[in-house]
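Where a number appears in this text, it was derived from the coordinates with a stated rule and is not lab data. Everything numeric here is computed off the predicted structure, so don't read it as measured data. Cβ placement follows ideal geometry from the backbone for every residue including glycine, while neighbour counts extend to all protein chains displayed.
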Amino acid sequence: MTKKRKISLTEEELITALRQHDKIAAEALYDMYSSSLFGVIIRVVQNNELAEDLLQETFVKIWNSFSSYSADKGRLFTWMVNIARNLSIDKIRSKDYKNQTKNHELELNVTSIDASRNTAYKPELLGVKDLVNNLRPEQKIILDLIYFKGYTHLEAADELSIPLGTIKTRLRMAIIQLRKYFN
Amino acid sequence: MEDIKQYIESGILELYVLDNLTPEEKLDVERYAISYPEIQKELNEISAAIESFAELNAIEPNENLRSTILNQLEYSVTESKPGYTSFEDKKIISLKNTSQTNFYKYAFAASLALFLTTGIALFNVYNRLQDSRQQLVALQQQNQKFANQVNFQESELDQYRKKSGAPVIQPSFIDSNAVKGDNSQQIIARQKASLKESQKEILALERQNKTREKVFEIFSDPASRFIKLKGVKDSSKLLIAWNPDKKQLWINKKASALPVNDKDHQYQLWAIRKLKPISLGVFDIRKTDSIMENMSSIDRASAFAVTLEPRGGSEKPTLKEMVVMGLNHK
């Protein structure tokens, strides 16, 4: 199979092109970030079809609201990950979604998704399980609630009946583990 | 200092990166980040970790989704034009729709055609170059003769004045019909004017000759590229001869089809490099026109395009007014 050539630009070039709404910007944006954003979305909503719709919504939103992005408020990719997460979280919190799926169990999505999709994974994905398993259970739960389920830290504190300060430091510890892993 | 450390360790920056703060809290963080570089640094590292986490969790979406999504977005210029396809689309189509062997067949035919047209163009340019060289030599000889004549006339006149102080008599070698009623000084003035004119003519011819020499050089250099810019909206086209090594770029107006521009507008040539348009100058298309026009050159470019701009050109291309465009295939 011939490998599809993907467009890749530096972040700076991409931002310029996005401001101008060039078609090549959209192509580059898609080629560079669609799989990462899709990964984020599918782990939040755990449903392939829904995730495809949300990926679409995510790109439309990135495209149309790009004027509101500013580099001094954070990095481009982080901004996009948050758009994808927020749209997905809004979706699973919406009424009609809740009516469809009643049962919400607290589980770590990272591992359950792998079981529910029989996609061929990159070998380094094994690392994700290791990574997540390296987290302490209490760190895992908080990362899961806040990152994948979109709980605010207040809601997470409420849900787990632990003080707000503890939620914050545990989240920090979890992310420090991630930082260590990626360095 | 201690406060900043505490602030960092409170975990609020993680919440900021995860977009989990109220707008007021966010503003606070942004203010701190501006004043304290260590906070900015921490934010960066947290973001990088979240991004790597997302990358590590990446899942390739269904292939069909790409075009579905790209078709949903509104583009600034080219979207509304039916004939337009993006760089990438073109590439994909050419690989998918034709088999490998066909591709090479066409590629071979295309390069053969290019070779032949280049050869013919080269031959033409060479002939014209020879012609104008001959013309130049003839003109220079004529000029020399003329100059001698004028000099001789002047010296003779001087001698005559010295000798006699008498009114000027027509020198014998000047056609008496042409000079009837004129005195010699007027004749000389006229001769001088005509000498000047022929000198101008020679200069122009020399310039033209230089142009042809340069064009000839470009056409005969194997490092030169010939790029066809195709009409975005219609069948306009423009041919460019470009030699990145010699820093030469010419547009071939004769082999082009562009509408004549009005007084208030000019065509502007752009090179696209790293997605940024770089102006290579403006040009006119008139009914009677020279063949080749020299433009600014550039060492690298992924594509070239021409837009119609207000006379004198613009800083940035007016994308709506894009007339032709072509890719630099290596």
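Couplings 3J(HN,Hα) of segment B:132-143, computed from phi: 6, 5, 4, 4, 4, 4, 4, 5, 5, 4, 4, 4 Hz, in residue order, whole Hz [Karplus 6.51 cos²θ - 1.76 cosθ + 1.60, θ = phi - 60°; x for Gly and Pro]. Amide H to amide H distances under 5 Å link B:G281 with B:L269, where only residues 5 or more positions off or on other chains count and H is placed in the peptide plane. Backbone geometry of segment A:135-149 corresponds, through the Karplus equation with coefficients 6.51, -1.76 and 1.60 at θ = phi - 60°, to 3J(HN,Hα) couplings of 6, 6, x, 6, 6, 4, 4, 5, 4, 5, 5, 7, 6, 8, 9 Hz, x marking Gly and Pro.
How would you classify segment A:21-71 from its alpha-carbon gyration tensor, with a ≥ b ≥ c the square roots of the eigenvalues: rounded for a/c under 1.5, else prolate if a/b is greater than b/c, otherwise oblate? Prolate, because a/c is 1.5 or more and a/b exceeds b/c. Summarising the amide proton neighbourhood of B:N328: residues at separation of 5 or more, or on other chains, whose placed amide H is nearer than 5 Å comprise B:A303, B:F304. Name the shape class, rounded, prolate or oblate, that the alpha-carbon gyration tensor gives for segment B:225-327, where a ≥ b ≥ c are the square roots of its eigenvalues, rounded holds for a/c under 1.5, and otherwise prolate holds if a/b is larger than b/c and oblate otherwise. Verdict is rounded for segment B:225-327.
In peptide A:78-86, how many Cβ atoms from other protein chains are near each Cβ within 10 Å, on average?
4
Computed from backbone phi with θ = phi - 60° and the Karplus coefficients 6.51, -1.76 and 1.60, the 3J(HN,Hα) list for segment A:162-177 is 10, x, 4, x, 5, 4, 4, 5, 5, 4, 4, 4, 4, 6, 5, 4 Hz; x is used for glycine and proline. Considered as an equivalent ellipsoid built on the Cα gyration tensor, segment A:1-103 has semi-axes of 27, 17, 10 Å, the largest given first.
With neighbours defined as other Cβ atoms within 10 Å of a residue's Cβ, the residues A:H153, B:H265 order from fewest to most as B:H265, A:H153. Remark: mean inter-chain Cβ contacts per residue of A:16-23 equal 5, using a 10 Å Cβ-Cβ cutoff to other protein chain atoms.
Can you tell me the relative contact order of segment B:225-327? Whole percent, Cα pairs under 8 Å, sequence separation 6 or more.
Contact order relative to length: 31 percent.
Taking the three principal axes of the alpha carbon atoms in segment B:2-56, the coordinate ranges are 34, 23, 18 Å, sorted in descending order.
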